[in-house]
Every structure is written in C-alpha cells, then in structure tokens.
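The values are calculated or read from the model by the stated rules, or taken from the named source; none is laboratory data. Because the structure is predicted, anything quoted here is derived from the model rather than measured. Here the Cβ positions follow ideal geometry from the backbone for every residue, glycine too, while neighbour counts run over all protein chains shown.
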Amino acid sequence: MKWIACTALLCLLASILPAQSSRNLQNSLIWKPPTILQSDALPKANVSRLMVKALRISNLNVELEETNMNQVQQRFGGTFGAQGDAGDALEWLCLSGRDVGGRFVLWLKSGEMDAGTVGSFQWRRVPNEARFDPRCATLLETDKVKLTIPLHPGMSESQLFEALGQPTVRHGNTLLYVHEHDEGSKNGPFTVLNTVSIVLRNGAVSVIEVLKISTS
C-alpha cells in the first residue's frame, strides 16, 4: 500500500471527454497506450463499491498497487516503454493476445506515484490485421485475462450496465465510473480511488481502463 498527497490526483484524469480514438492503432504499430480521458479533476464519486482491484493473466494474479511490474515482465516477457518525467512519468508493458472475441492488447501501466507497481491497465479490442511493435509480448491463447467482476471487451452495453450499473458520467460512447472510500491503518487514514473507463463501439465494450490509487 502506498500513501501519497491527494493533490497529485489532479494530474491523473480530467474533463471527461474522449482524448484519442483507436484510429492510430489501425495505421501504425501498436506500442504506446492511447489516452481515453484527459482531465484536471474527477466528478464526484457515486459508485458505492470498489469495482476492480485486480486482474488475472493466465495463472498470475495482478493486484493493483501491489504487484510489481517486474513480476509481470518476468512471467510474460516484453520490453518496458516509458515517457515523461516526475509527476508525468509513465511506464508500461504491452501484451498482445487473442480470445474467442478476437485480438486484443493489454497495457499494464505504472505512474510516478505507483512506485513500480501496476497502478492501472487498459484492455482494448484491436482489429485482426493490427500489427504490434516487437517490444510487445505475445500471450499464448491459453493465457486468459479475467477481471474480478464479469467485465470484458466484447460484452454488450446491457451486460455492462448489469455488471456496473449506470456510469458516473457519460459523453457519447465514453463512460466513466468513479468510486471512492476512506480506510484506516496503523499509518493513519487514507482514501482509495477506483475508476473504470469504458469505450463502446457498435453497442459493445471496445476498451476498458481501470485505475486504483490510495492517497493519504
């Protein structure tokens, strides 16, 4: 568990507007995770429960804020990507895979405040003809990805609402769910923020991005 200044949250998410579509993923090698939302502040949280705190890739359980990025790289390979510095620093690991719904890319991400752990991820459906940068690792077809709730690319909008309910904010096909709660420990009180961003395409979930962060 990490404790950081609450003001640092302001650089994480912003005005809830789509910042980038998947067009660039069709026209170039897939490598860098595109931005779904850009913002300076979050809307008031209205989701009552923690939504996603972990994901499972094959037999590896990845706990957000707990599992080190190096553990994932040691298990699946790939090369770390990086950009920015200080509060804007971002490190990612790109994993390509295929399931019954088609091809996908999974980016595991670690920001400056995550101290080397997986703090967020983006799971995105990509076209069958998509080309991946050689720095991305390739998952085996037996390496299934599963979240802690029944949420996955390809599910229908009605199935999404059954799993998560109505979003905190919606702009067109981009939905944002925000949960926040307070906890306490021997190190003092802290706040847990959990966000799930969804992009719909043709009535189905195309992109899922999850973030979890604890602040004192």
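List of remarks:
- Filtered residue count, segment 152-182, keeping only those that are without any contact (Cβ under 8 Å) to a residue 24 or more places away in the chain and of a type in the set (S, T, Y): 1
- Unique match (being within 17 Å of L175 (Cα to Cα) and modelled with pLDDT of 95 or more) among M69, M51: M51
- Meets criteria (among the β-branched types (V, I, T), touching a residue at least 12 places away in the same chain (Cβ under 8 Å) and either in contact with a His (Cβ under 9 Å, 6 or more places away or on another chain) or not in a strand (DSSP E or B) (or both)) for V52: yes
- Looking across segment 170-205, the residues that are surrounded by 17 or more Cβ atoms within 10 Å (Cβ to Cβ) and among the aliphatic types (A, V, I, L, M) come down to L175, L176, V178, V192, L193, V196, I198, V199, L200, V205.
- Hey, L160 outside any loop (DSSP other than H, G, I, E, B) and surrounded by 15 or more Cβ atoms within 10 Å (Cβ to Cβ) or not: yes
Residues are listed down the side, and each one gets a yes or a no for (1) within 19 Å of P34 (Cβ to Cβ); (2) within 15 Å of the chain's Cα centre (by Cα); (3) of a type outside the set (A, V, I, L, M, F, W, C):
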| site | (1), (2), (3) |
| --- | --- |
| G97 | yes, no, yes |
| C136 | yes, no, no |
| K144 | no, no, yes |
| E162 | no, no, yes |
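- Within segment 40-75, if we keep just the residues that are under 16 Å from the mean Cα position of the chain (by Cα) and among the polar types (S, T, N, Q), the residue that is surrounded by the fewest Cβ atoms within 10 Å (Cβ to Cβ) turns out to be N61.
- Of all the residues in segment 31-47, those that are at pLDDT 90 or above and among the small types (G, A, S) number 1.
- Whichever residue in segment 164-216 is among the polar types (S, T, N, Q), under 25 Å from G116 (Cβ atoms) and in contact with a strand residue (DSSP E or B) (Cβ under 8 Å, 6 or more places away or on another chain) and, among such residues, is modelled with the lowest pLDDT: S216
- Selection count where residues are outside any loop (DSSP other than H, G, I, E, B), among the hydrophobic types (A, V, I, L, M, F, W, C) and either closer than 17 Å to G81 by Cα or free of Cβ contacts under 8 Å to residues at least 60 places away in the same chain (or both), scope segment 118-151: 4
- Condition check for F104: closer than 20 Å to R75 by Cβ and touching a Gly at 6+ places or on another chain (Cβ under 8 Å): yes
- Filter result (more than 18 Å from the chain's Cα centre (by Cα) and either assigned to a loop (DSSP other than H, G, I, E, B) or of a type in the set (S, T, Y) (or both)) within segment 79-95: T79, G84, D85
- Checked against the criterion of being farther than 26 Å from N61 by Cβ, within 17 Å of the chain's Cα centre (by Cα) and among the β-branched types (V, I, T), the candidates T148, T174 yield just one match: T174.
- Number of residues in segment 82-101 that are surrounded by 14 or more Cβ atoms within 10 Å (Cβ to Cβ), without any contact (Cβ under 8 Å) to a residue 60 or more places away in the chain and under 27 Å from L200 (Cβ atoms): the value is 6.
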